[in-house]
1. Please state which of the following conditions ASN359 fails to meet, knowing it meets all the rest: (1) in contact (Cβ under 8 Å) with a residue 12 or more places away in the chain; (2) farther than 13 Å from PHE431 by Cα.
2. So which residues in the stretch 249-263 are modelled with pLDDT of 85 or more, open to solvent by 20 Å² or more (accessible area, probe 1.4 Å) and not in a loop (DSSP other than H, G, I, E, B), if there are any at all?
3. Checking ARG314 against (1) in contact (Cβ under 8 Å) with a residue 12 or more places away in the chain; (2) open to solvent by 70 Å² or more (accessible area, probe 1.4 Å); (3) touching a strand residue (DSSP E or B) at 6+ places or on another chain (Cβ under 9 Å), which test does it fail?
4. Looking at GLY282, GLY274, GLY294 in this structure, which one is in contact (Cβ under 8 Å) with a residue 60 or more places away in the chain and surrounded by 14 or more Cβ atoms within 10 Å (Cβ to Cβ)?
5. Filter the stretch 46-96 down to residues that are outside any loop (DSSP other than H, G, I, E, B) and of a type in the set (Val, Ile, Thr) and give me whichever is surrounded by the most Cβ atoms within 10 Å (Cβ to Cβ).
6. Would you confirm, using the coordinates I've provided, whether ASN359 is of a type in the set (S, T, N, Q) and modelled with pLDDT under 85?
7. Which one is farthest from GLN53 (Cα to Cα), of the residues in the stretch 97-121 that are in a loop (DSSP other than H, G, I, E, B) and among the acidic types (Asp, Glu)?
8. All but one of (1) open to solvent by less than 70 Å² (accessible area, probe 1.4 Å); (2) part of a strand (DSSP E or B) hold for THR268; state the number of the condition that does not hold.
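The values are calculated or read from the model by the stated rules, or taken from the named source; none is laboratory data. Fair warning: this is a prediction, and the values are worked out from it, not measured in the lab. Cβ placement follows ideal geometry from the backbone for every residue including glycine, while neighbour counts extend to all protein chains displayed. Ligands, DNA and RNA are excluded from the accessible area calculation, which covers all protein heavy atoms including side chains. Shrake-Rupley method; radii C 1.70, N 1.55, O 1.52, S 1.80 Å.
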Amino acid sequence: MSVERDAIPVLDALLSDGHGMLVPVRGRSMRPALSEGDVAVVAPFLGLPRPGQIVLARGAGNVLVVHRLVDVELGTGRRIYRLQGDAETAPDAGVLREDLLGRVIAVVRNGRRLSIDEPAFASPPDVSRRGRSRRARRLLRAVSLLLAVLLCAFGVVAAQEGPAGPAQQEQTIAPAADYRFGPGDVLSLRIWNGQKIDELKLTVQSDGEAFLPVMGIGSLHVAGRTIGDLKKDLEARFHTIYKEVYVELLITRYAGHRVSLMGEVKTTARAESGPGNWALEGPTRLVSFLSAHGGPAQDADVMRIQLIRPTGERLELNLFKAVFQGEESDDPWLSNGDLIFIPSLSMGNRKVFVLGEVNQPGVVNIIDKMGLVEAISRAGGFTQKGYMKGVVVLKRRPDGRAEMAIANFKEMFKDADMKADVPRQPGDIVFVPRRAIATLQEVMSIISPALGIIESIYIIDNFRKN
């Protein structure tokens, strides 16, 4: 069952940090175990993924799916994990370990939380049977191969010489119509002249030229041209040599348009991940690019990603808005020469102090817009001694002076009036007293020792002066 929006960078970062996630279920591929409207509770893996588990994975096209792990194979030196929906007749394309994001530990259905260990979520008999059958066939092939090797070793079977099989072909991709070739791109050129097909490889040099070993053509300017423009030019040139000609133009390696990625970026088992200089494989937006190259690290400030264009233009982007609110302005198209810098939360100083009668007083990092209720909740909530009628909020005014406001949580919850639950700003101090407090000086006399122990912050001097 696919998840509608590509939220992989955020989900991956949270699961890697040990957090659980709630993922809404869409589609029918996991019926009857999971149905439309269910919410899957996803947690990080404990040990290796096991066949039979329902998992959250990154499928083809960077689409998130919640499917059952039915088989594990070994291919090209790495484990290949086969997933399959309970209502499907065949497994999905195999995924690698880094594509398995988490395991489903429970399902929320009609307001009730159901453990994944309940019989209703067990692997269907036919799916289990097909998995056992695949494993038996692989074992049989392995035994047959071992037997053949032993027979050859003892001279029972003579080795026959024959022509070597064709070398594995490089993967070729049809570039987007508006993609403009650049230095470093490697192109695959197939020419049909009415009788046979010739295949040539073109590498775009640093001067934008590519050498074509055909008499009468030779060097050809490629950089900056689209596939349509270049194909027409090539066919016109070949028509001077052949009466009938057709040209197919593909790309085997992107390198002409590159983007630099720096800062708090995860390095995964994928080859092209982490900080570095990576090629753009056609038109690419920020979220897709980060998803393909590791995503933000645990301490990344995803609300203040910096994008610096070669022209000097600077953009500050919010990954949460791009992923969860679909804000296209925060998910721009990337261009050759762009620099993406992901700062850490410590660099942004995005902290709110929550002190006094809360269960976990200290510093709370702002990840997205955070109101007063969430700030207190993330600090463990009120203690029994907390004076909920007079929660003190200290913040800096535009003129730099301190400002104190009182929030009455009793009235807020009694009258369902959430006007006092305004977003907190970096540097704000939230203080839950044991009794009513009237002046700023009284607040500072109580909280200054606590602030000195937890962490010094730039606003404290201004608070003391006022």
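1. For ASN359, the exception is condition (2).
2. ARG258, SER260, MET262, GLY263 - these are the residues of the stretch 249-263 that are modelled with pLDDT of 85 or more, open to solvent by 20 Å² or more (accessible area, probe 1.4 Å) and not in a loop (DSSP other than H, G, I, E, B).
3. Checking ARG314 against (1) in contact (Cβ under 8 Å) with a residue 12 or more places away in the chain; (2) open to solvent by 70 Å² or more (accessible area, probe 1.4 Å); (3) touching a strand residue (DSSP E or B) at 6+ places or on another chain (Cβ under 9 Å), the one that fails is (1).
4. Result of the check over GLY282, GLY274, GLY294: GLY282.
5. Step one: of the stretch 46-96, the residues outside any loop (DSSP other than H, G, I, E, B) are 54-58, 60-62, 64-75, 78-84, 95.
Next cut, of a type in the set (Val, Ile, Thr) only: 54-55, 65-66, 70, 72, 80, 95.
On the way: ILE54: 24, VAL55: 23, VAL65: 22, VAL66: 28, VAL70: 24, VAL72: 17, ILE80: 15, VAL95: 21.
Taking the candidates together, the pick is VAL66.
6. When the stated conditions are applied, ASN359 does not pass them.
7. GLU118
8. All conditions are met except number (2).
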